[in-house]
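The values are calculated or read from the model by the stated rules, or taken from the named source; none is laboratory data. This is a predicted model, so every value here is computed, not measured. All Cβ positions, glycine included, derive from the backbone under ideal geometry; neighbour counts span all protein chains shown. For accessibility, only protein heavy atoms count, side chains too; no ligands or nucleic acids. Shrake-Rupley method; radii C 1.70, N 1.55, O 1.52, S 1.80 Å.
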Amino acid sequence: MKAISIEDIISLAKRRGFVFPSSEIYGGFAAVYDYGPYGVELANNIKAAWWKAMVQQREDIVGLDSSITMSPRIWEASGHVGGFADPLTECRQCHTRHRVDHLLEDIKVQADEKMSEPEINSLFDEHKSKLKCPSCGKSDFSAVKKFNLLVKTNLGNFTGDMDDPVYLRGETCQGIYVNFKNVLDSSRVRVPFGIAQIGKAFRNEITARQFIFRTREFEQMEMQFFCSPDDEMNQYEKLREARWQFYLDLGIQPENLRWHKHENLVFYAKEAYDIEYNYPFGWKELEGVHARGDYDLTQHAKHSGQALTYTDPHTNEQYVPHIVESSVGVGRTMLMVLADSYKVEQTEAGERTVLKLPKKLAPIQVAVFPLLRNKPELVAKARELFNQLKVQFMCEFDDNGNIGKRYRRQDEIGTPYCVTVDFETLEDNAVTLRDRDTMVQSRVPLSELIALLAEKYS
Ligand code: GAP
């Protein structure tokens, strides 16, 4: 079977209304994407599955929706203003900017995130004769500069003075840390407990490549779990297990997932693993699961002047809670789901492209067709059925083109079930139910259809 390329996925995503390049009629806007009618459903279903696993089914995790703009002091305390930077070089020939660690990665040289500007410059100097600009193929690079990724804005800054900017959040978890006390004081949670949040984050990524894998505006699903110092590694192991299981439960093929251990830890981290997925462009980080020690609350306590300690109600022991974190992007999850589901199959009627999406993520759950659009009695019956089904299922009504073409379209959207109303329906009150994966068609009495679909989706 031919390997699926990222171009195949980009093409289907555009053609079928999953993902559009941003601002396309104005010539585009780099590294930002819009989700179309099926993309927004898929993203919503991914977020709902995450929320269900991380909040609804957990007695010890609660939700939060903090603001995108926050006090700039937060980003000083977190270290982002001083250190959230990627190494950048510019091709002197075509003036394209590149991330130095990515250029080095392409020739299998590992650059360490924590390297200072002189250190990365010397590593780059050592190897740059072997490097070519991915855009123009020349080998003429500028010296490396560290480029801060925080996105500045001027909300409430009426002078427009960018010397004291407000930042669009670079990660959602800072909103969790600064609300630790609020959540503790206002809800029934006690350490150990977690706070989960889904929301937009912004980063001035230097290179825009790999479609929705790395974008400048993206959504994160993050959960920060607060625990006692002694309990940190125990909670960390439990979180790693839970996050791995989440992807298996979602239906992701296990052979496309693996753990990657970070060898060079930041000074405060106890342990850090990523879950990697085998994307069409290789194994890449999908999610980070990190044991962060007491760094985050200690930093915010120091910079805000507020005590962020916890007193154990049983032992009276007082400590700054340690944090274990799970952090994953919605776009990266969506790209994984699309890549994992994209299949090209040979059928009797020729080749078909089908998205074998996990059923719970499918943008459309049931498509309803009248066999012919110019037969009012079939259309009326199909509409009546559509109106009944849409109460319980995400449905689409389609009477456009021949049935074969309609099946192909729903296959590419990943719709698990199609229901056709034909002439026999008018006689026997039964419909044809077609299964996306097996393409098997079966006759189902209308009186049993809703219960059967509900069972399939349960
Ligand atoms: N709070 C920790 C944190 O933000 P990170 O490794 O920078 O850690 C976590 O990001 C996750 O967010 C990544 O594993 C990835 O899924 C997603 N992510 C990060 N930057 C992204 C970007 N530019 N575009 C899309 N997703 C991104």
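Under 7 Å between Cβ atoms, which residue pairs at least 6 apart in sequence (or on different chains) link something in segment 279-306 that is touching a residue at least 24 places away in the same chain (Cβ under 8 Å) and on the phi > 0 side of the Ramachandran plot with a partner that is within 16 Å of the ligand (Cβ to nearest atom) and assigned to a strand (DSSP E or B)?
Gly293/His322
Can you run down the residue pairs with Cβ atoms below 6 Å, 6 or more apart or on separate chains, where the first is in segment 426-444 and assigned by TED's automatic domain parsing to the domain that holds Glu412 and the partner is assigned to a helix (DSSP H, G or I) and of a type in the set (S, T, N, Q)?
These pairs meet every condition: Val431/Thr425.
Look through Ile212, Ile198 and report the one residue that is within 12 Å of the ligand (Cβ to nearest atom) and assigned to a helix (DSSP H, G or I).
On the way: Ile198 fails: assigned to a helix (DSSP H, G or I).
Sole residue among the options that is within 12 Å of the ligand (Cβ to nearest atom) and assigned to a helix (DSSP H, G or I): Ile212.
Filter segment 173-190 for residues that are open to solvent by 20 Å² or more (accessible area, probe 1.4 Å) and over 30 Å from Asp86 (Cβ atoms) and give the result. Full working, then the answer.
Taking segment 173-190 and keeping what is open to solvent by 20 Å² or more (accessible area, probe 1.4 Å), we get 178-179, 181-182, 185-188, 190.
Within segment 173-190, Lys181, Asn182, Asp185, Ser186, Ser187, Arg188, Arg190 qualify.
Here is a list of conditions, (1) under 33 Å from the mean Cα position of the chain (by Cα); (2) buried (at least 21 other Cβ atoms within 10 Å of the Cβ), and Pro370 meets all of them except one; can you say which number that is?
The number of the failed condition is (1).
In segment 117-138, what count of residues is obtained for those that are over 22 Å from Ala208 (Cβ atoms), without any contact (Cβ under 8 Å) to a residue 24 or more places away in the chain and not basic (Lys, Arg)?
9
Those residues that are within 8 Å of the chain's Cα centre (by Cα) and more than 10 Å from the ligand (Cβ to nearest atom), I need them from segment 335-355; list them, please. If you could, list the steps in order and put the result at the bottom.
As a first pass, look at segment 335-355 and keep what is within 8 Å of the chain's Cα centre (by Cα): 335.
Within segment 335-355, no residue meets the criteria.
Among the residues of segment 75-89, is there at least one that is without any contact (Cβ under 8 Å) to a residue 60 or more places away in the chain and surrounded by 13 or more Cβ atoms within 10 Å (Cβ to Cβ)? Before you say what the answer is, go through the steps one by one.
Keep residues of segment 75-89 that are without any contact (Cβ under 8 Å) to a residue 60 or more places away in the chain, which gives 82-83, 89.
Retained after the next criterion (residues that are surrounded by 13 or more Cβ atoms within 10 Å (Cβ to Cβ)): 89.
There is at least one residue in segment 75-89 that is without any contact (Cβ under 8 Å) to a residue 60 or more places away in the chain and surrounded by 13 or more Cβ atoms within 10 Å (Cβ to Cβ).
How about segment 1-90: which helices (runs of 4 or more DSSP H) wholly inside it have at least 2 residues that are hydrophobic (A, V, I, L, M, F, W, C) and within 18 Å of Phe218 (Cβ to Cβ)?
By residue number, 6-15, 37-51.
Spot the failing condition for Lys261; the list is (1) within 22 Å of Gln210 (Cα to Cα); (2) of a type in the set (Lys, Arg); (3) away from the ligand (no atom under 11 Å from the Cβ), and only one is missed.
It is condition (1) that Lys261 fails.
Within segment 223-245, which residues are open to solvent by less than 20 Å² (accessible area, probe 1.4 Å) and either within 16 Å of the ligand (Cβ to nearest atom) or part of a strand (DSSP E or B) (or both)?
Met223, Gln224, Phe225, Phe226, Cys227, Tyr236, Leu239, Arg243
So Ala382 fits all but one of (1) surrounded by fewer than 17 Cβ atoms within 10 Å (Cβ to Cβ); (2) outside any strand (DSSP E or B); (3) at negative phi; (4) of a type in the set (Gly, Ala, Ser); what number is the exception?
The one condition Ala382 does not meet is (1).
Against the definition (surrounded by 17 or more Cβ atoms within 10 Å (Cβ to Cβ), in a strand (DSSP E or B) and not charged (D, E, K, R)), how does Gln220 come out, yes or no?
Yes.
Here is a check on your reading of the model: is Arg383 more than 24 Å from Arg352 (Cβ to Cβ) and out of contact with any Lys or Arg (no Cβ under 9 Å at 6 or more places or on another chain)? Show your work before the answer.
Values: more than 24 Å from Arg352 (Cβ to Cβ): yes; out of contact with any Lys or Arg (no Cβ under 9 Å at 6 or more places or on another chain): yes.
So Arg383 fits the description; yes.
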